[in-house]
Amino acid sequence: MSTSANLTFRDVDDNLLLDGDDLKGNGASDSFDQQNRPIVSLTLKDAKKFADITSEIAAKPAGQNLLVVWLDFEEGVDSYKAESQKANPRYESAAAVSQTLNTTDVMISGNFTVEETKNLAGILNAGALPVKLQETYSTSVGAQFGDQALKSTVFAGIVGVVIIFLFMLFYYRLPGFISIITLCIFTFLVLVVFDWINAVLTLPGIAAIVLGIGMAVDANILAAERIREELRVGHSVKQAFQIGSKQSLSAIIDAQLTTLLAAAVLFQFGTSSVKGFATTLIISILLSFLTAVWGSRVLLGLLVNSGYVNNPALFGIAKSKQHSLDENIGTLDLSTKFDRFDFVHNRKKFYTFSLAILVAGLVVLGIFRLNLGIDFSSGTRVQIEADQTLSKEEVSKYIDSIGFSSEDIVLSGEKSTSAVIRYKDDLSQDEILKFKKDAEEKYGHEPTVSTVSATVGKELVKNAIKALALAALGIIIYVAVRFEWRMGVGAIVSLLHDVFLIVAVFSFMRLEVDITFIAAVLTIVGYSINDTIVTFDRMRENLNQYETIKDREVLANIVNKSLRQTMGRSVNTVLTVIIVVVALLIFGAPSIQNFSIALLIGLFTGMYSSICIAAQIWYSLKIREMKKSDGQLHKKEKKQWGTDEPTV
């Protein structure tokens, strides 16, 4: 739509007969005539006025009795006679009028398709607006840039997914093979749903699909790790599958729901590109539950119950690591690769380290501030693509010569073939058209231009802060209700720790903070709480094995054991997602580079904070609870969702 959206009805001599003021608000709709041909139906305000006009037109000879509908007709430039000779004329329709029409209901017919009538009705309703529209936010993407970005991002996704497949097959053996099958089905279903809802696939959306695959892997890893534990204890393959699948389900559901919560907030308060990312993330979460959770269990269950899969080696468990049930060894007694780590007794070191990082981050923010993109600062952003290496001096000299000087020029791309130019003021449509035309003649590719008004920039900042606040609030409420309030406190502190650290790194590295950065931050919120919930779920399970805890060392041992047990899963899950993110960073489009950097930082900080911050804060709060009571912790009979086990 143009910025004016001015609807007019004219005759073949371009005389004005009606305009948008004569059409009722939302008075245009797509429909079908008696022969089931697509038409556009209009509702006018004044039947008599329309009757007088159609009576005059109907009296004209054939070929002259046309009512021409224009959008943004330009006096002295546009003409029906000239446009009617073109294959794609600028006017919207030219309907023949054969009789006087004394009605407010008008039908525009012609050789329309269903899609054309829908578009025309939408355009007519836009043109009937009682005010002249003013552009506040616009983005135009050059064909070359869009094509290259699409190809590079898809290639990065394929590379990342293939590496994930190889990792799952090598490490988890049979469950890994099953996960490859379900992940392929998952990817196919995501694309089918996208096509079904006619969704617009943006670059962040493609990234969300690839990351959704990484998230789907997590459900498979959780189940596989629990099955492997039961095999080590001494259970048969069938018993281990049944017990492990049941025990991993609650953690998977909690992790999926919290990520879904973050995605829903992102969708509610994001702009168009972020909404695309959120939509894809929501679809990915729902489909991952269908395929990675339910589908994987069904396929693996069929194989296990067939009786042909009885060898623990198919699950990556060597005989030397297996115990006998006669040894009466529980999962708490199993050794791990991380037994030498004492997380609880080093918690003060973790607190000190994190506090030092936060103080350093505050200093960095105070000195450097944030490098806000036009999404938040308003203005115009132009990205030039070239086939050869660019330099700041060359680009600066060129934009000076065409009258668009700017001191804010940043080169990007592997060989500096891309230049980003920012302007504090909004460029007009005419200026943008001139810039694009000149740049295409100079460099051979149409540049990408984004314009954000000051009003929209402020609104985006407000919505971004609101989205983060609501996501954090929703997550702490969920964790507090699902587990206990002390775990909610630990979870939210670790989330704020992660978000602040990402912001500080972006400030120090002078990376641009735009709307896709917010998408990355909220995704990290989802991943971080995902990891934290899996840890809390294991801690709760291990606590339930004690009726009473009389010694803080027993509590410390439970926390340490829980963290060691979940470390393998955390490392493998983060590793699979990092594989995808690194692939996006190396092979992906420059437009999602900052997005990938934010995710990469957040994945490391998220794993660190869930283990070294969230769990330790919960332990500290539990110790205070012990001091306030009789020095003991007693099991509380409180039924949890999806389980009949009481919690401490």
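Each reported figure results from applying straightforward, stated rules to the coordinates on display, with no laboratory input. Just so we're clear, the structure is a prediction, and the values are computed from it rather than from any experiment. Neighbour counts run over all protein chains shown; Cβ positions are idealised from the backbone, glycine included.
Odds and ends about this structure:
- Pairs of alpha carbons in the stretch 7-134 whose separation is greater than 19 Å (percent): 47
- Contour minus Cα-Cα distance for Leu473 and Thr352 (0.36 nm per residue): 41.0 nm
- Extending 7 Å from the Cα toward the beta-carbon at both Lys415 and His634 defines two label points whose distance is 7.5 nm.
- Here's the picture: charge each Lys and Arg Cβ at +1 and each Asp and Glu Cβ at -1 in the chain, and of Ile421, Ala386, Leu543 the one pushed furthest to the positive end of that dipole is Leu543.
- Prolate/oblate/rounded label for the stretch 379-452 (Cα gyration tensor, a/c 1.5): prolate
- Nearest 10 degrees, 0 to 90: helix 552-587 Cα axis against the chain principal axis: 40
- Gain on full extension, evaluated as 0.36 nm per residue between Asn544 and Asp333 minus their Cα-Cα distance, stands at 74.4 nm.
- A Förster distance of 51 Å, applied to the separation of the beta-carbon atoms of Lys49 and Leu372, puts the FRET efficiency at 0.50.
- Which of Ala520, Phe155, Phe404, positive extreme of dipole for the chain (C-beta unit charges): Ala520
- Mean Cβ count within 10 Å, highest first, over the residues of peptides 499-507, 44-52: 499-507, 44-52
- Three-way shape call for the chain based on the alpha-carbon gyration tensor, with the a/c threshold at 1.5: prolate
- Tensor-based shape of the stretch 222-358 (alpha-carbon gyration tensor, a/c under 1.5 rounded, otherwise prolate or oblate): oblate
- Stretched out straight at 0.36 nm per residue, the stretch from Glu553 to Val162 would grow longer than its current Cα-Cα span by 136.3 nm.
- Each Cα pair of the stretch 63-107 feeds into the Kirkwood radius, which the Stokes-Einstein equation turns, at 4 °C and 1.567 mPa s, into a diffusion coefficient of 108 µm²/s.
- For the stretch 554-593 and the stretch 225-257, distance of Cα centres in Å: 20
- Axis of helix 47-58 versus longest Cα principal axis of the chain: the two differ by about 60°, to the nearest ten degrees.
- For the chain, the longest principal axis of the C-alpha atoms and the axis of helix 515-543 are separated by about 30°.
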